[in-house]
1. Based on the mean of other beta carbon atoms within 10 Å per residue, what is the order of 100-107, 134-141, 152-159, most packed first?
2. Please list 206, 169, 133 in order of solvent-accessible area, largest first, computed with a 1.4 Å probe with all protein chains present.
3. Apply the Karplus curve 6.51 cos²θ - 1.76 cosθ + 1.60, θ = phi - 60°, to the phi angles in segment 97-103 and return the couplings in whole Hz, x for Gly and Pro.
4. Give the peptides 89-98, 59-68 in descending order of average Cβ contacts within 10 Å, highest first.
5. Packing-wise, with mean Cβ within 10 Å as the measure, how do 69-77, 45-53, 160-168 rank, highest first?
6. For residue 51, which sequence-distant residues (separation of 5 or more, or a different chain) have an amide H within less than 5 Å of its own amide H, given hydrogens modelled in the peptide plane?
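The values are calculated or read from the model by the stated rules, or taken from the named source; none is laboratory data. Not measured: the values here are computed from a predicted model. Positions of Cβ are generated from backbone atoms using ideal geometry, with glycine treated the same way; all protein chains shown enter the neighbour counts. SASA here: full protein model, heavy atoms, side chains in, ligands and nucleic acids out. Shrake-Rupley method; radii C 1.70, N 1.55, O 1.52, S 1.80 Å.
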Amino acid sequence: MPVPPLPGERGTEGVRACPACAPVALDQVEYDGDVIRLGWGVFRAQVWQVVDRRRVRGSGLVAAVVAVIVVAGLTALQLTVGWTGAGPVRTVIAIALLGLASALLVVGCWRTALPVDPAATINGRTVRPDWQLAVRWSVQPYLARTMPPINPDDRAAILADTPLLQRGLVRRLVRAAPLFGALGLAGAAVVTAGVVTGFAVPWAFLYLVTLPDMLVRLGRAERARLAALALPDTAVADAAVPPADRRREPTGSKVRLPGE
């Protein structure tokens, strides 16, 4: 089923061009490094089609105010009770890291997604999907590390599902990157301050490993989309081919009247 174009897009089936991905040739996308590079190009090309610049600026202003408040509060707490128990240099570093972590936390929690316009709604509830994080079964094999040849019957499904998948992954990256960054900075801060040992918070950094995986999924989706675009449209091709050996029969009654 064709997907309506998303905001800022042109063309049919919701497929948009990726200018940032042009330098990557399709036959060269074989290893994860190339796929990550392709996925980064997709992210750069589509991020401002997914998030609202005005909302991003608003979140940045609020995050800056929160960071200043956190730094001031932690500094006052350190001067009052000495909560870190570390030296002045490590204390300053820890407070600065916590201030940055609080700012990233605000950015990650702030709603920045760009709504679909016009939105298809029923009783005020949006019913037209503009993003997703999964594809149908017929498309999943083409998102594996080694992509099989595209089946022409799956072309329409790939072109319908991969743009929605890419949009969903971009939205998740925009939100997950600052949240996981805040978690990592907070873990580094408590270790720097000497509140806990380094072995107590390794999980704070493990979430950052999922960010390259999202770029890999973005790149694989773009690789499948480009391969599907390279195939001819089977529906159009079939419609252009005339039926072979079709017997032409006269219309109307086939009963012969006397004298015919």
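1. Working: 100-107: 21.9, 134-141: 13.6, 152-159: 18.0.
Final packing ranking: 100-107, 152-159, 134-141.
2. On the way: 206 115, 169 0, 133 55 Å².
These residues rank, largest area first, as 206, 133, 169.
3. Working through the residues one at a time gives 5, 5, x, 5, 5, 5, 5 Hz.
4. Details: 89-98: 18.4, 59-68: 15.4.
Per-residue mean Cβ counts within 10 Å order the peptides as 89-98, 59-68.
5. Numbers: 69-77: 14.8, 45-53: 17.1, 160-168: 23.3.
In decreasing order of mean packing, 69-77, 45-53, 160-168 become 160-168, 45-53, 69-77.
6. 114
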